[in-house]
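Read the structure below first, then the notes.
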Amino acid sequence: MNERARVELRQSLRGELIAPADAGYEEACRLYNAMIDKRPRIIARCVDVADVITCVNFARDEGLLLAIRGGGHNGPGLGSCDGGLVIDLSLMKGVRVDTGRRTVRVDPGCTQGDVDHATHAFGLAVPAGIVSTTGIAGLTLGGGTGYLTRKFGLTIDNLIEADVVLADGSFVTASENEHQDLLWAMRGGGGNFGVVTSFVFRAHPVSTVHAGPIFWGIEHARSVMQRYREFISNAPEDLGSFIGLKSVPSTDPFPPEHWGKRICAVISCYNGPAADAEKALAPLLDGMPEPMLNWMSDMPFPALQTLFDPLLPEGLQWYWKGDFVKDLPDEAIDVHLAQAAEAPSELSLMHLYPIDGAVHRVAAGDSAWSERQAKWSMVIAAIDADPDKADALKRWGRSYWEAVHPFNLEGAYVNFMSDDEDDGRVRATYGRNYERLAALKRQYDPHNLFRVNQNIKPAAP
Ligand SMILES: Cc1cc2nc3c(=O)[nH]c(=O)nc-3n(C[C@H](O)[C@H](O)[C@H](O)COP(=O)(O)OP(=O)(O)OC[C@H]3O[C@@H](n4cnc5c(N)ncnc54)[C@H](O)[C@@H]3O)c2cc1C
């Protein structure tokens, strides 16, 4: 790429172009996960579809590696790249709620919090993640799990339309009426098929929820996990509730006498009144040891969605591993407890997110996300503020995963995968849908322009 080409690109964008010599470059490179330090050649802060088309054409014609950045939250930093062009969508932040149709149109730079903020005003929510700062684009294209998943499905199960810039620079709308195969592929196939410039989701009535964490000391973790395993399968779908092995954060408002203690946590959201929530949770709590704390209370849904934000600011070191989990036998629980006990930092955690209920009512072949029989999506996240701990975090994440993986399914939620996964893992994740995805990749992106992702290779001609 010569200087002239770069100048021409700069002139043809409405948004800003940032190169290494520019003042804002360091800040523009920064990703949520500070363990990742990628140095793109150009960052294009697109502000409209025309900018995105220009950038796609430019990267393709100049033979530049191309990354797409939504919220920049991806664990292995797949929203950026070394030496290439980053299409940074973070300035495209509009959200429009259609109360009549109960749908929401969302721009690709929105975070989860942006969407929750806009929909809550109308007593609605889109089922998605549990941390407000996460980008809605990357989360959606990988699948999207959260508190509302059991009742309303994955985020992709609520994705009804997407505007997409394809590898040849053309612009299409994928919906249930046109380019249905593209919509199918983008329901879980990640950023493999194009740059999404607008999403339309179905929204659902959600307003004040009864929600919060319940902690038990680690000495009770085995019995809590055993009880939870049975409980969640029979719990009403209005209850979203995940279980984790983690530590009490050493900060307010947590009681100082518990700071840093290892715990088993169940974090729940009941979409309904407190009395119904208490009834729903009774089979988990009855006859169990007294929790260390039970902070279930009424709160607006967006407040729940920000509970983790202060604990997980941008700039920490993260290493991720995931798996789909079908069963949680006692032997697996013992492995979890042994591995979690070796956690290298207070923030490091293991979570099991239920993906049952409405997720199981969609057939495996109806979207790219093929794993509809697993009961949980597991994430092991090794997290700390200290960059000197990066190796220790990776070591623990990998060894925990190696120990527990034999009890789990072969594939994983693509958004909880790292960049050290091989092709086999991506294939296992998509299962029987992989061949169809590879064929669609050949159709929509035959030269694999969009390859900074959990990559689906174009099928051979
Ligand atoms: C603190 C934290 C909490 C999380 N909680 C949840 C959770 O509750 N539920 C859940 O499901 N996931 C969760 N995740 C995982 C999250 O889904 C992924 O990290 C996801 O990749 C974030 O999307 P992003 O837009 O911020 O990522 P980015 O880093 O910007 O992009 C990630 C990937 O998406 C692709 N992409 C982004 N935007 C577009 C676009 N417009 N068009 C095409 N491709 C695009 C990129 O190519 C890249 O491969 C969490 C992550 C973090 C860090």
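The values are calculated or read from the model by the stated rules, or taken from the named source; none is laboratory data. All values reported here derive from a predicted model rather than from experimental measurement. Reconstructed Cβ throughout: ideal geometry from the backbone, glycine too, with neighbour counts over all protein chains shown. Quick note on the areas: whole protein, heavy atoms, side chains included, nothing else; ligands and nucleic acids left out. Shrake-Rupley method; radii C 1.70, N 1.55, O 1.52, S 1.80 Å.
Things to note:
- For segment 59-75, filtering for residues that are farther than 18 Å from residue 24 by Cβ and either among the aliphatic types (A, V, I, L, M) or out of contact with any strand residue (DSSP E or B) (no Cβ under 7 Å at 6 or more places or on another chain) (or both) leaves 10.
- When segment 209-228 is filtered for residues that are hydrophobic (A, V, I, L, M, F, W, C), in a strand (DSSP E or B) and farther than 16 Å from residue 286 by Cα, the ones remaining, listed by number, are 209, 211.
- Tally, over segment 324-361, of residues that are more than 16 Å from the ligand (Cβ to nearest atom) and either without any contact (Cβ under 8 Å) to a residue 12 or more places away in the chain or of a type in the set (A, V, I, L, M) (or both): 9
- Scanning segment 168-197 for residues that are open to solvent by 10 Å² or more (accessible area, probe 1.4 Å), small (Gly, Ala, Ser) and either part of a helix (DSSP H, G or I) or in contact with a Phe, Trp or Tyr (Cβ under 9 Å, 6 or more places away or on another chain) (or both) returns 190, 191.
- Qualifying residue in segment 43-50 (condition: near the ligand (Cβ under 9 Å from one of its atoms), open to solvent by 40 Å² or more (accessible area, probe 1.4 Å) and either farther than 17 Å from residue 24 by Cα or at pLDDT below 95 (or both)): no
- Number of positions in segment 32-82 that are in a loop (DSSP other than H, G, I, E, B) and acidic (Asp, Glu): 3
- Any chance residue 218 is open to solvent by 10 Å² or more (accessible area, probe 1.4 Å) and either in contact with a strand residue (DSSP E or B) (Cβ under 9 Å, 6 or more places away or on another chain) or farther than 30 Å from residue 139 by Cα (or both): yes
- Scanning segment 1-31 for residues that are assigned to a helix (DSSP H, G or I) and under 27 Å from the mean Cα position of the chain (by Cα) yields 25, 26, 27, 28, 29.
- Beta carbons closer than 6 Å, at least 6 apart along the sequence or on distinct chains, pair a first residue in segment 395-409 that is more than 10 Å from residue 344 (Cβ to Cβ) with a second that is among the basic types (Lys, Arg) and surrounded by fewer than 18 Cβ atoms within 10 Å (Cβ to Cβ) for 409/326.
- Checking each residue in segment 421-461 for being open to solvent by 30 Å² or more (accessible area, probe 1.4 Å), under 20 Å from residue 377 (Cα atoms) and touching a residue at least 40 places away in the same chain (Cβ under 8 Å) picks out 431, 432.
- Restricting segment 1-35 to residues that are among the aliphatic types (A, V, I, L, M) and either closer than 28 Å to residue 393 by Cβ or touching a Phe, Trp or Tyr at 6+ places or on another chain (Cβ under 6 Å) (or both), the residue that is farthest from the ligand (Cβ to nearest atom): 9
- Entry remark, segment 416-457: residues being of a type in the set (Gly, Ala, Ser), more than 15 Å from the ligand (Cβ to nearest atom) and closer than 20 Å to residue 397 by Cα number 1 in total.
- The number of residues in segment 210-230 that are within 16 Å of the ligand (Cβ to nearest atom) and out of contact with any Ser or Thr (no Cβ under 9 Å at 6 or more places or on another chain) comes to 0.
- Of all residues assigned to segment 237-257, at least one qualifies as being in contact with a Lys or Arg (Cβ under 9 Å, 6 or more places away or on another chain), farther than 25 Å from residue 128 by Cβ and not β-branched (Val, Ile, Thr).
- Strands (runs of 3 or more DSSP E) wholly inside segment 89-165 that include at least 2 residues being open to solvent by 20 Å² or more (accessible area, probe 1.4 Å) and either free of Cβ contacts under 8 Å to residues at least 40 places away in the same chain or more than 12 Å from the ligand (Cβ to nearest atom) (or both): 95-98, 159-165
So that you can scan it fast, the table gives a plain yes or no per residue for (1) in contact (Cβ under 8 Å) with a residue 60 or more places away in the chain; (2) open to solvent by 10 Å² or more (accessible area, probe 1.4 Å):
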position: 208; (1), (2): yes, yes
position: 211; (1), (2): yes, no
position: 225; (1), (2): yes, no
position: 236; (1), (2): no, yes
position: 244; (1), (2): yes, no
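- Segment 51-66, residues that are touching an Asp or Glu at 6+ places or on another chain (Cβ under 9 Å) and either closer than 20 Å to residue 143 by Cβ or more than 12 Å from the ligand (Cβ to nearest atom) (or both): 57, 58, 60
- Going through (1) within 15 Å of the ligand (Cβ to nearest atom); (2) within 17 Å of the chain's Cα centre (by Cα); (3) within 30 Å of residue 169 (Cα to Cα) one by one, residue 370 falls short only on (1).
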